[in-house]
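First the structure, in the form of structure tokens, and then the observations on it.
Throughout, read-outs are computed from the coordinates displayed, never taken from laboratory work. Since the structure is predicted, the reported quantities are computational estimates derived from the model, not experimental observations. Note: ideal-geometry Cβ built from the backbone for every residue, glycine included; neighbour counts use all protein chains shown.
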Amino acid sequence: MSAPELVTVTIDERSVQVPKGTGIVETAAAAGIEIPVFCYEPRLGAAVGACRMCLVEVEGMPPKPQAGCTLFAQDGMVVKTARTSEMARVAQNATLEFILVNHPLDCPVCDKGGECPLQDLTFRYGPGNTRMTFDKRTFEKPIPISPAISIDRERCILCYRCTRFSESVSEDNQLVAVNRGAQTMIATFEDEPYTGAFTGNVTELCPVGALLPTQPRFEIRPWEFQAVPSVCGLCPVGCNIDVDQREGKIKRILSRNHPEVDEGWLCDKGRFGFSHLYAEDRITDPLRRVRSRGLEEISWEDALDDAERLLREANGRIAVALSGSETTEDAYALAKLVRKGLGAHTAMLPEEIGGGLDAFRAPLSAIRDAELIVVLGEDPVVERAPIVDLWLRKARRAGAEIVEIGPAGDVQIAPGTTARACRKLKSGELGDRLRASERAILIWSGGGAGGGSHLAALATDLGFADKPGCGAFFLPETANGRGVAEAWAAASDDEGPEPEPLGLLIVSGDEAAANPNVRALAEQAERVLAITMFHSLAVGWADLVLPGTSYLEREGTYVNVEGRIQRLRRTAIPPAPDELAWIAQLASRFEVELSPSPSLVFAELSERVFGGVTYEDLGEEARLPDRVPLEAAPAESADEPVPAKAPGGTLQLLRYRPLFSGAAVERVPELQFQRPAPEIELSVKDAKRLGVRRGEPVSVRSNGTSVQLRAAINKRLKAGVARIADDHARDLHPTVEVSK
Amino acid sequence: MADVIVLANADERDLRQLAEYRAVGGYTQLERVRSLEPAAIIDELNTANLRGRGGAFFPSGRKMQFIPPKEQIPKPHYVCVNADESEPGTFKDREIMNRVPHRLIEGSLIAAHAIDSQHVFIYIRGEYLDAFETLRTALDDARGAGLFNGVTVVLHRGAGAYICGEESGLLESLEGKRGQARSRPPFPAASGLYASPTLINNVETIATIPKILELGGAEYAKIGAPPDSTGTRLFCLSGNVVKGGNYELPMGITIREVIYDLGGGIPDGRALKAVIPGGSSMPILTADQIDVPLEHDALRALDTFLGAAAVIVVDDRACMVQLGLRVAQFYMHESCGKCTPCREGTRWMVQLLEAIEAGDATHSQLDLLLDVCDRILGKCLCPLGDAAAMPVASYVVKFRDEFRAHVDQGGCPFGGESSLEGLFAPVDQHTHHPVAEVPA
Amino acid sequence: MLRIFRGAGLSHRFARETGGLVVSPQPVDTLKGFGVTFKQIFKKPLTMQYPEHKRPVYPRFRGRHRLWRHENGLEKCVGCSLCAAACPADCIRVVAAENTAENRVSPGERYARIYEINMSRCIFCGYCELACPFDAITLGNEYELAEYDRDDQIYTKDMLLAEPIKKVPVADAELYDTPIPYYRAHS
């Protein structure tokens, strides 16, 4: 790439060199001069020049103030901001006066007060007094536009950031401006709730207190927050977040822009999901099963004694079921305890994740720059890794071609045949184009990936390893499945026999506790030790329950979808000691050397698998590790068995795990409306055959179970397939009968 | 009547009929220019020094030259005809569409040829139902006669928003979006409709083109007040005048001639108080300024503009505060709400004018009103804010005594006697639900 | 008092003048000293007997805080926490909540669900009063804030809203030309 042409721009008599085409707002910032803005936000697409806050004087242009945000740096440009130009100063002062004419100025009541750009800019550029003596415009307020967000239209200054986000970032077009002139207001169509995976971002974009989250409403003022930089642990993307807490309790989560990972966006699950920490059925003390009374609370001393007894009694016949939500350190500590201390080497990992894709590692932002993207798999990307969906949308807007191969896609394939379709890509027209392209991306979203090995084999064949603009991503199901798997492997080199019969099953984490396979395994185990956050997941099967902690309450690291190691911080005080603390204590009873400090555990682990990086190296904005060249052609794991074709008249059931599901989401009242509607997605052909229209109730039956659902018609779905969210599919078998 | 250009022969014949229009030489220019290079047409328009008739007075030939060739931007090029005439006081485009629709169609097809475009959009004001019908019939006739030669012409009805008469608002509306002005640059010539090069012209400008080609640019340039204000305008004479209506006259005629010689003077023996020379958005002229010729440079010297050539006559019954209030209310109602100064400023202006009219204002609020106008002027995204601020500021400056009298007397000196009858439609008439009935 | 010191000085000079030989001071001086002490017995004492007698404070003396209500009974405080932000001793804790139709505490949308001042930390600087945009908090004249227990030093919202139990006399405002505070004149 050739270096961009540099131009010299003079801003307030300061000369600055910037690449040609840089926006004037950024150019001024480079010169150390602020051009105040409300509506300008480069992440929302082209500038609109609506708020008129950025007015500057430009020499050689018509003798009136120009909107700085819509101008671009050209050689020899001379710009005067409010610092040196009376015209610009008056214009900015006028804009603020006009904005404040109808702004309620209820700053003491408004949750934005204290971190409000309108407040800040009024102090710096605005009039000190008001000349407005008439009635201000009033609206009914506040109005919830969804259970998670409320709108105050009086405070709104109509910068159109939210509508532009809705139109050109999340592309849902749900937020619009209605009416016109002074009566313009932001609304959703027909006052429907604002739904979607990314709605919360508008609360962060809003430069005033018009769009505010309902969650910490009035509980806190911005200057009382203590912001802790951490990483979201609810999906494998690992969006960077700032966790704001007061008095040890988390009050809100904001995005923290990592330009390679999330570009400052955050999904609603990550943003609003934190209140599950304060759920009523949170376990705060160790629990022991008592025959007559169910579970009773015990002290930590007793709990550790009990745990030691259980571990010793099992005599090595121990299996560990992991969730993929443990920190890498916790997983390593647990692995070291059972593998080194007890010689038990059997684990049930949340999913198979191999390292083969490290040879094609790329930042997620590479998706934006790609020209050809192939998305393979059965799950919608937004349900697995929501931010990746935003990157894909951005790529499409930039002109990239996106080919989706799946049961619902541009190339329709039968469920379970993704691996076959992946192999087919090695030849054929699309494969040739992928091979020829310097900026191509492969994404696997769904099961049957063989830990990414199918994708790695394809990427090797396409020659992606030598092309830095090309990359391959496998979107795992769990947030840190990769890190957990590596930590488990790193704890010991020994192997052991399968425990037969199983003496003790250690269930680590909520996802494992909710997993039916783990439950089935527990049936065979003599004893069960569960580490979980919630009562309902512990009752009935665990002999000893130790309170779990969340990703927001632990120090540690997560390995995300790219293979980036990112640091989690303790952002809230957990109601119980975290896992590492008591695992270390327990380890000492088995003569296993284990530090209770995450940084030391990481250092030990890092020596083995992460090339010796330390917490300091990771920093707050973690760097992507270099590609790891493949030593040999990746061994492709065997295809998962293709489900049998549904016999005539029936449909093949395609399940997916919705984004808004799981133990955390179930406990957040604000997110309940986001959970998938009880719907069954049918193809156009099947709907026609069954005579079902959109929204009609249908009954879905299989093998004695029956579920009542509403019909939805998906034009992209392959005929013969019906898609239902896990929440609603429940016990349905892979072949279902649908009738009105 | 050698100087009738746009409406030539419309008095003698029913030019809505294709045959009649052809009988007076209609569509011959289209056929002639189709064999010419586009540059030849543009040269002719430049020689004629045709300026935009929508109000901005921009040279039309130059505007066409700005359209980049297809080799440079390989996208479809579009011609948009702005027939969303909604400025209070203007009714010239309606006259053209009602009486010489084929001249408009011919002009737009010539313009399409001049910029190598295959697509013409005519964006017509939603309330112009009769003009819409006439134009639709004319389009069907022309299409049936095979005159389009592969060009598609789309007649699009607006939904009742003044802002969609602003070129970028018109484009947004045509694209099916909310009618709001766009930030420029990029200009429509480079990135207009569907982000493609687009030529946007007023109805009158387009309808003048066939005649210019017929007469020859040099000949046309002799009409009117050369060098800048060449040719004729359709003057919309309205307000307190005996014979209001459309008059096609060469530019350079004085206001006095228009009002007294053609318009028959002021009715009921009233005295002339003021004249708005170019539609409600233009600064006002006082009675002693009416000897000014109606052409760009002379009006510019008096700090006003010819605009859309809508001459509104105000007699001594009218209260200038009420006039200002009515104008401000119109622009407040029509402000699109996108940029701050216009959205908030017009509302504030209305509140101030209401207070002045009610006698609740102070003298300092007169200065405040002027300052508010000044703070809107030149700071908005599109000209709508200027259009609201300029006239009201001119009323305050030129009729300051009348405004002061409102403050001093604690009410309107005219009492209930003031009449804006015949000047502007009452406000409640433009707050109706704007959707006109669509004929079956 | 001065005289006693002067007497002591004299006796020193006397000792020096007698060539370093220390002799006892003149008995006359001693008696003089006692005389002064004795005279005080018949004078009205300057010391005030507290707590039986309380000296009036200046009208603008900054003592115990007070939260105010509007005439309609609603609290003036909206829980904006500006007082807490202004407080240099960090002794104010505010947790706000939303007014509902059933539970309307303050006129706006927001009210202080918890309002606590830790009097053992407060330095009575009055910044909270200055910061308050609604004149909801003022510093009163009461200074009798001693408690047996530190926990009792944390004044809750109900305590701050109520009339102070321990009243202190306040000097006549006229005497000090004190302007009437805004919140007294306009509420």
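The range B:206-252 and the range A:665-740 have Cα centres spaced 68 Å apart.
Rounded to the nearest whole Hz, the Karplus-based 3J(HN,Hα) values (6.51 cos²θ - 1.76 cosθ + 1.60, θ = phi - 60°) of the range A:186-191 follow the sequence 8, 8, 9, 4, 6, 6, with x at glycine and proline. Evaluating kT/(6 pi eta Rh) at 25 °C and 0.890 mPa s, with the Kirkwood radius of the protein assembly as shown over Cα pairs in the Stokes-Einstein relation, gives 65 µm² s⁻¹.
Report the local net charge at A:PRO501: Lys and Arg +1, Asp and Glu -1, summed over other residues whose C-beta lies under 14 Å from its C-beta.
Neighbour charge sum, excluding A:PRO501 itself: -3.
In a fully extended conformation the segment linking A:ASP493 and A:LEU105 would gain 133.1 nm over its present Cα-Cα distance, using 0.36 nm per residue. Per Stokes-Einstein, at 4 °C and 1.567 mPa s, what whole-number D in µm² s⁻¹ belongs to chain A, with the Kirkwood radius over Cα pairs as the hydrodynamic radius? Estimated diffusion coefficient is 46 µm²/s. Amide H contacts for B:SER418 (H built 1.01 Å from N in the peptide plane; partners 5 or more residues away or on another chain; cut-off under 5 Å): none found. All C-alpha pair distances within the range A:513-582, sorted into 5 Å bins from zero, spread as 3, 15, 20, 17, 17, 16, 9, 2 percent across the bins.
Which is farthest toward the positive dipole end of chain A among A:ALA47, A:ALA421, A:GLY273, measuring Cα position about the Cα centre, with Cβ charges +1 (Lys, Arg) and -1 (Asp, Glu)? The Cα lying farthest towards the positive end belongs to A:ALA47.
Over the range B:18-222, Cα pairs under 8 Å with separation of 6+ residues give a relative contact order of 32 percent.
In loop segments of the range C:41-138 as defined by DSSP, the trypsin sites (Lys or Arg not before Pro) with at most 16 further C-beta atoms inside 10 Å of their C-beta are C:LYS43, C:LYS54, C:ARG60, C:ARG104, C:ARG121. What number do you get for the range B:225-315 when its Cα radius of gyration is normalised by 2.2 N^0.38 Å, N = residues? For the range B:225-315, the normalised Cα radius of gyration comes out at 0.96.
If you place +1 on the Cβ of every Lys and Arg, -1 on the Cβ of every Asp and Glu, and leave all else neutral, what size is the dipole of chain A about its Cα centre, to the nearest 20 Debye?
Dipole of chain A, to the nearest 20 debye: 2480 debye.
With contacts taken as Cα pairs under 8 Å and at least 6 residues apart, the range A:15-122 reaches a relative contact order of 24 percent.
Shielding value for B:347-354 is 4, the average number of Cβ atoms from other chains within 10 Å of each residue's Cβ.
Could you sort A:690-697, A:399-406 so that the peptide with the highest average Cβ count within 10 Å comes first and the rest follow in order?
A:399-406, A:690-697
Relative contact order of chain A: 12 percent, from C-alpha pairs under 8 Å at least 6 residues apart in sequence. Around A:THR346, which amide H atoms from residues at least 5 apart in sequence, or from another chain, sit under 5 Å from its own amide H, with H modelled in the peptide plane? For A:THR346, the qualifying residues are A:VAL320. Measuring between alpha carbons in the structure, the pairs from B:LYS92/B:LYS379; A:LYS80/A:LYS112; A:LYS136/C:LYS76; A:LYS394/B:LYS338; A:LYS112/C:LYS157; B:LYS63/B:LYS379 lying more than 27 angstrom apart are B:LYS92/B:LYS379; A:LYS80/A:LYS112.
B:ALA425 to B:ASP360: FRET efficiency via 1/(1 + (r/R0)^6), r the Cβ-Cβ distance, R0 22 Å, to the nearest 0.05? Computed FRET efficiency for B:ALA425 and B:ASP360: 0.25. Approximating the spin labels as points 7 Å out from Cα along Cα→Cβ, the C:ASP152-to-B:ARG256 distance works out to 9.7 nm. Between A:GLU401 and A:LEU372, A:ILE373, the built amide H atoms are under 5 Å apart, and every one of these is 5 or more places off in sequence or on another chain. Here the alpha carbons of the range B:74-113 define both size measures, Rg and Dmax, at 12.5, 41 Å. Counting charges near B:ILE223 (Lys, Arg +1; Asp, Glu -1) among other residues having Cβ under 15 Å from its Cβ returns a value of -3.
Modelled spin labels at A:TYR278 and A:GLU351, positioned 7 Å past Cα toward Cβ, are 3.2 nm from each other.
Computed from backbone phi with θ = phi - 60° and the Karplus coefficients 6.51, -1.76 and 1.60, the 3J(HN,Hα) list for the range C:155-160 is 8, 8, 4, 5, 5, 6 Hz; x is used for glycine and proline. For the range B:1-56, a Kirkwood radius taken over Cα pairs fed into Stokes-Einstein (37 °C, viscosity 0.692 mPa s) yields D = 245 µm²/s. Sorted on the mean count of surrounding Cβ atoms within 10 Å across their residues, most packed first, peptides B:274-286, B:388-400 read B:274-286, B:388-400.
Taking max minus min of the alpha-carbon positions on each principal axis, the range B:98-218 gives extents of 37, 33, 28 Å, largest first.
About the centre of its Cα atoms, the range B:225-315 shows a dipole size close to 220 debye [charges on the beta carbon of Lys, Arg (+1) and Asp, Glu (-1) only; nearest 20 debye].
Take peptide A:173-182, look around each residue's Cβ out to 10 angstrom, count Cβ atoms belonging to other protein chains, and average those counts.
Shielding by partners across A:173-182 averages 5.
Using a simple spin-label model with pseudo-atoms 7 Å out from Cα toward Cβ, A:GLU500 and A:GLU429 lie 5.4 nm apart. For the range B:115-126, 3J(HN,Hα) computed residue by residue from phi via the Karplus equation (6.51, -1.76, 1.60; θ = phi - 60°) reads 10, 6, 10, 10, 10, 10, 10, 10, 9, 9, 4, x Hz, glycine and proline entered as x.
For a quick check of your reading of the filter: which trypsin sites (Lys or Arg not before Pro) in the range A:584-679 sit in a DSSP loop and have no more than 14 other Cβ atoms within 10 Å?
The qualifying sites are A:ARG623, A:LYS645.
Scoring B:44-54, B:148-158, A:267-277, A:68-78 by mean Cβ neighbours within 10 Å over their residues and listing the highest first yields A:267-277, B:44-54, A:68-78, B:148-158. Tell me, how many Å apart are the Cα centres for the range C:114-169 and for the range B:348-389? Each part's Cα centre sits 49 Å from the other's. Distance from the Cα centroid of the range A:563-578 to that of the range A:1-26 is 42 Å (rounded to whole angstrom).
Looking at the range C:57-154, the chymotrypsin sites (Phe, Trp or Tyr not before Pro) that sit in a DSSP loop and have at most 16 other Cβ atoms within 10 Å of their own Cβ are C:PHE61, C:PHE124, C:TYR143, C:TYR148. Neighbouring Cβ atoms from other chains, within 10 Å of the Cβ of residues in B:375-381, number 6 on average. For B:LEU174, the shell of other residues with beta-carbons less than 14 Å away shows a net charge of 0, using +1 for Lys and Arg and -1 for Asp and Glu.
For q = 0.08, 0.16 Å⁻¹, what log10 I(q)/I(0) does the range B:18-222 give under the Debye formula with an equal point scatterer on each alpha carbon and no solvent? Log10 of I(q)/I(0), two decimals: -0.23, -1.02.
Think of the range B:18-222 as a dipole: +1 on every Lys or Arg Cβ, -1 on every Asp or Glu Cβ, centred on the Cα centre; then among B:TYR220, B:HIS113, B:ILE67, B:ILE67 lies furthest on the positive end. Using a Gaussian network model of chain B in which every pair of alpha carbons under 10 angstrom is joined by a spring, one finds that among B:ILE105, B:ILE122, B:ILE266 the greatest mean-square fluctuation is at B:ILE266. Be a star and scan the range B:163-193 for residues whose amide nitrogen sits under 20 Å from the point 7 Å along the Cα-to-Cβ vector of B:GLN72. Output list for this probe position: B:184-193. The charge dipole of the protein assembly as shown, taken about its Cα centre with unit charges on the Cβ atoms of Lys, Arg (+1), Asp and Glu (-1) only, comes to about 1740 debye.
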